[in-house]
Amino acid sequence: MRAVYIAEFGAAENLEIREVQNPSAPRDTEVLVRVKAAGLNRADIVQRKGFYPAPEGFPERIPGLEFAGEIAAIGENVRNFKVGDRVFGITAGGAQAEFLLTEESLLAAIPENLSFVEAAAVPEVFITAYDAAFDQCELRAGETLLIHAVGSGVGLAALQLAKAHNIRTIGTSRTADKLAKCAEFGLDCAILAADDLIENRPSEFAAKVRSESASGKGADVILDLVGAKYLAANIEALAPRGRLISVGLTGGAIAEKFNLGAVLTKRARIIGTVLRSRPPAEKARANRVFIEKVLPLLAAGKVRANIDRIFSIDEVKKAHQYLESNESFGKVILEIEAG
Ligand SMILES: NC(=O)c1ccc[n+]([C@@H]2O[C@H](COP(=O)([O-])OP(=O)(O)OC[C@H]3O[C@@H](n4cnc5c(N)ncnc54)[C@H](OP(=O)(O)O)[C@@H]3O)[C@@H](O)[C@H]2O)c1
């Protein structure tokens, strides 16, 4: 089969399309998926650079954390799917290839209103966003959610989910144009992260968040897709009993200075999360929650896939460079097989 292949860890130029061996035939509860499209993620870039090795049992050189496709074969104990079904889901690697062997517990049926390409833009960002904001941080109607890098894939998924649940939303981005586009998704308050506002003037930023929050006391939940450089401001911007969840680290992993005293007096919670390396049972649970809570919203058109650009698998180098440019608004997708 054809697959994206990291010939050497480093630059996007080191990516190739290679003929590699097909996965083995599915056994037990395994499913073989003929992949039609796969989402590109920041994690693929970090893996390509050699800093995010695939977990045990997943290919070291073939990236891909999410996919949409058709079932080509099933193991003898698969109960919920049959050959030919349209499915999508997350995996810990290897999805950017013509075939992927996975577990039925990690699959969901693609709603009829979504194409394969649209479906490939959903699993990683919607599972991450719902799991982080609603499941782990227990975000409730009437509360305020602050989303950093709101024009990102995860950010737009979180924004739509929040609006579908009657939550007030505040979003940040370094790009004015992305904030303007977020208004179409119902973003209540946009804060341009220009002049390093958030890292250099945290009190000014926190005052703005408080004044824009539903309670006037700050953000109840902060979905942080940026990381260390925003930590001090995040703690200032949290409401009493607020929850800060660290999801992404494009802005660094090591925070120099923040006020732990405020964490105590606010009785705040700081949570870290990762999807890829979770044990299979926990991943399956996140997928079940996605099926129960998010799929109906997708099927009803209340939330939707947000595709910025589609590349063919042969253009994978360009796709990586584009994602790294930070220009994208929403998802970048690789089409693995036409149609
Ligand atoms: N923990 C998990 O399980 C999990 C799952 C999925 C994703 N993630 C992480 O979550 C983050 C978002 O993922 P995504 O796929 O939604 O990203 P994305 O669509 O690629 O968007 C990321 C955006 O972040 C902003 N950004 C990049 N570098 C920045 C910096 N140094 N400072 C401030 N803003 C910066 C850029 O937008 P602007 O500059 O225009 O604002 C960029 O477009 C990534 O770090 C990703 O690795 C984690």
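No lab work stands behind these numbers, since they all come straight from the coordinates. In this text, all values refer to a predicted model and were calculated from it rather than measured experimentally. Reconstructed Cβ throughout: ideal geometry from the backbone, glycine too, with neighbour counts over all protein chains shown.
On a C-alpha basis, how far is the centre of the range 287-339 from the centre of the range 198-224 in Å? Whole number, if you could?
Result: 30 Å between the Cα centres.
Using only Cα atoms, find the angle between the long axis of helix 280-293 and the longest principal axis of the chain, and express it within 0 to 90 degrees, rounded to the nearest 10.
The two axes meet at around 70 degrees.
Taking neighbour counts of Cβ atoms within 10 Å as a proxy for exposure, in what order, fewest first, do 65, 264, 32, 223 appear?
Ranked by crowding around the Cβ, least crowded first: 264, 32, 65, 223.
Normalise the Cα radius of gyration of the range 125-272 by 2.2 N^0.38 Å (N = residues in it) and let me know the number.
0.91
Where does the chain land at 222 nm, in deg cm²/dmol rounded to the nearest 500, when only DSSP H runs of n ≥ 4 count, each adding -39500 (n - 2.57), divided by all residues?
One gets -7500 deg cm²/dmol as the mean residue ellipticity at 222 nm.
Report the rotationally averaged projected area of the chain based on its alpha-carbon convex hull, in square nanometres.
Orientation-averaged projected area of the Cα hull: 16.1 nm².
Apply the Karplus curve 6.51 cos²θ - 1.76 cosθ + 1.60, θ = phi - 60°, to the phi angles in the range 52-69 and return the couplings in whole Hz, x for Gly and Pro.
9, x, 5, x, 3, x, 10, x, 5, 10, 10, x, x, 9, 8, 7, 9, x
What are the GluC sites (Glu not before Pro) within the range 160-251 that DSSP puts in a loop, where the Cβ has at most 10 other Cβ atoms within 10 Å?
184
State the Cα centre-to-centre distance between the range 2-70 and the range 142-185 in whole Å.
Their Cα centres are 30 Å away from one another.
The range 1-108: which chymotrypsin sites (Phe, Trp or Tyr not before Pro) are DSSP loop and have at most 12 other beta-carbon atoms within 10 angstrom?
51
List, in order, the whole-Hz ³J(HN,Hα) value for each residue of the range 296-304 obtained from phi through the Karplus relation with A = 6.51, B = -1.76, C = 1.60 and θ = phi - 60°; use x for Gly and Pro.
Each residue's phi maps through the Karplus curve to give x, 5, 5, 5, 8, x, 7, 10, 9 Hz.
Out of the range 46-127, which trypsin sites (Lys or Arg not before Pro) are coil in DSSP terms and have no more than 16 other C-beta atoms within 10 Å?
Loop-located and lightly packed - 79, 82.
Taking θ as phi - 60°, what are the ³J(HN,Hα) couplings along the range 27-32 by the Karplus curve (6.51, -1.76, 1.60), each to the nearest whole Hz, with x for Gly and Pro?
These are the phi-based 3J(HN,Hα) values: 10, 6, 9, 7, 9, 9 Hz.
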